Amino acid sequence: MIYNNQEIKVKKILWKKSLIKKKTETVPIKEEDAKLNHNNAATSPFGHTCSVPDELTGAVAAIEEIRTIKADLSDAIETNNAREIFDYFDIGVFINRNGTYGISEYRQPSDFITFSDIGINEEKLIENVVKISGNADFRKSKLVNFGKIQYIGGRVDIRNSNFKPFMKLPKIGGKIIFYEHQTLLQGIFIKFLASICRLVKK
């Protein structure tokens, strides 16, 4: 299935509007249920303030969005058309003469939907990517390495991912975040060691 630019633009606008709508939708509940949810949240040892109906509404909305995205990108996913997939999620793609890609940034489709949820193999998705101009957010990513990526211009966030400290890293223009509550000194030290490792492995 091939979309022209106008069709893709309309689909992305509709997709984003549906996300905003579902995030703001609420489920009416009885007054006594609301009181019970409030009390449960107040006494929860985990400090949760979200009621069960809210959580269920979010889960249902996510499932619906996943189905919509899968339908829109069915052919692109099957053929691993990375350019169409990235474009669908407003990630700019620049194609080099040798067939490799540069992309404007890297991230999951949304805060609550990952590429794996949609059935996209991230290793195949980035197999021809050699450069990321901006930030690269690998949180919740299934990737275990950077593939052919040689340069990332912005910040790299590797928290809650399969990436390991001191692995082979590309050249990175911004800071690297490996840990929650990482200090500035830790970030500088990690980036310094990454630069040394990159020079040694050349």
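The values are calculated or read from the model by the stated rules, or taken from the named source; none is laboratory data. All values reported here derive from a predicted model rather than from experimental measurement. Because the Cβ atoms are built from the backbone with ideal geometry, glycine has one as well, and the counts that use them run over all protein chains shown. Just the protein is used for accessible areas: all its heavy atoms, side chains included, with ligands, DNA and RNA removed. Shrake-Rupley method; radii C 1.70, N 1.55, O 1.52, S 1.80 Å.
Of note:
- Flag for A71 being modelled with pLDDT of 90 or more, within 17 Å of S110 (Cβ to Cβ) and assigned to a helix (DSSP H, G or I): yes
- Residues that are among the polar types (S, T, N, Q) and either modelled with pLDDT under 85 or surrounded by 15 or more Cβ atoms within 10 Å (Cβ to Cβ) (or both) were ranked within the stretch 161-187; the one that is nearest to Q108 (Cα to Cα) is S161.
- Filter pass, D111 being surrounded by fewer than 17 Cβ atoms within 10 Å (Cβ to Cβ) and either assigned to a loop (DSSP other than H, G, I, E, B) or touching a Leu at 6+ places or on another chain (Cβ under 8 Å) (or both): yes
Per-residue answers, yes or no, for (1) within 15 Å of the chain's Cα centre (by Cα); (2) surrounded by 12 or more Cβ atoms within 10 Å (Cβ to Cβ); (3) more than 29 Å from G154 (Cβ to Cβ); (4) of a type in the set (F, W, Y):
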site	(1), (2), (3), (4)
A59	no, no, yes, no
T68	no, yes, yes, no
D72	no, yes, no, no
E78	no, no, yes, no
E84	no, yes, no, no
I91	yes, yes, no, no
N96	no, no, no, no
G99	no, no, no, no
I103	yes, yes, no, no
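- Of all the listed residues (N96, N145, N135, N80), the sole one being polar (S, T, N, Q), closer than 21 Å to K168 by Cβ and in contact (Cβ under 8 Å) with a residue 24 or more places away in the chain is N135.
- Only one of the numbered conditions (1) outside any helix (DSSP H, G or I); (2) under 21 Å from Y88 (Cα atoms); (3) not polar (S, T, N, Q) is violated by K124, and that is (1).
- Residue in the stretch 128-136 that is surrounded by fewer than 19 Cβ atoms within 10 Å (Cβ to Cβ) and modelled with pLDDT under 95 present: no
- The stretch 114-127 - residue that is without any contact (Cβ under 8 Å) to a residue 40 or more places away in the chain and under 13 Å from the mean Cα position of the chain (by Cα) and, of those, most open to solvent (accessible area, probe 1.4 Å): S116
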